[in-house]
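Please see the structure below; I have some questions.
Values in this text are rule-based calculations from the coordinates and carry no lab data. Please read these numbers as outputs of a predicted model, since none were measured by experiment. Using ideal geometry, Cβ is built from the backbone for each residue, glycine included, and neighbour counts are taken over all protein chains shown.
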Amino acid sequence: MLETVLLEGLRLPLRSIEDFLNAGGPVLYAIFAAALVLWTLILERYWFFARQHPARCARMAREWAARADTRSWRARRIREELISRAHIAMAQTLPPIRMLIALCPLLGLLGTVTGMIEVFDVMALKGTADARAMAAGVSRATIPTMAGMVVGISGLFFSNRFQTRVKVETERLADQLAYR
């Protein structure tokens, strides 16, 4: 009895998601896949900054502190290389995140165009403008647009946060690797 209630409780949200995907047409599946990849990359960046980045910075700071020479031309190039390596590691997944952010609204636009083509097909087949048939097509056209914009805008917030974090953390590391 309890298992049946729990299974029904899980099926209802999944059924709602499936209904939403079906209402938006096939383009909505592509937007969903792009959103899944985008949020995986965003969560990975949070994990990186919480777990990996502090250990990397500490290791680089120890490596720099262990050097006897921190003032020569060669030492300065080594410092630049350490900072550059950290910057590259921090910004590693930002280009794919930005690409997916730009891609989602374009996929939404593709959904709009395909939905409107369906509306015009219905109008051509029926010979007149049937309001109900047109409303269903317009609804099918606007759902992918909305979904693409929501995914893109939400991802843009995190992308900007990560860009700022990369800049701040790079400057913080440069301060840690001071010349003695």
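Which residues, counting only those in segment 37-64, are of a type in the set (A, V, I, L, M) and surrounded by 12 or more Cβ atoms within 10 Å (Cβ to Cβ)?
Initial filter on segment 37-64 (of a type in the set (A, V, I, L, M)): 37-38, 41-43, 50, 55, 58, 60-61.
Hits for segment 37-64 are V37, L38, L41, I42, M60, A61.
Then there's this: Pairs please, first residue from segment 56-77 and under 20 Å from T170 (Cα atoms), second anywhere and among the acidic types (D, E), Cβ atoms under 7 Å, 6+ apart in sequence or on different chains.
A75/D69
Free of Cβ contacts under 8 Å to residues at least 12 places away in the same chain and either among the hydroxyl-bearing types (S, T, Y) or in a helix (DSSP H, G or I) (or both): does that describe F157?
For F157, the condition - free of Cβ contacts under 8 Å to residues at least 12 places away in the same chain and either among the hydroxyl-bearing types (S, T, Y) or in a helix (DSSP H, G or I) (or both) - is met.
Which count do you get for residues in segment 65-81 that are surrounded by 12 or more Cβ atoms within 10 Å (Cβ to Cβ) and either touching a Ser or Thr at 6+ places or on another chain (Cβ under 7 Å) or not hydrophobic (A, V, I, L, M, F, W, C) (or both)?
5
Quick check on this structure: which one of G137, G152, G115 is touching a Gly at 6+ places or on another chain (Cβ under 9 Å), part of a helix (DSSP H, G or I) and closer than 20 Å to V37 by Cβ?
When all the criteria are applied, what remains is G152.
Could you check, for segment 160-170, whether at least one of its residues is over 30 Å from A33 (Cβ atoms), charged (D, E, K, R), surrounded by 14 or more Cβ atoms within 10 Å (Cβ to Cβ) and touching a Phe, Trp or Tyr at 6+ places or on another chain (Cβ under 9 Å)?
The answer is yes; a qualifying residue exists.
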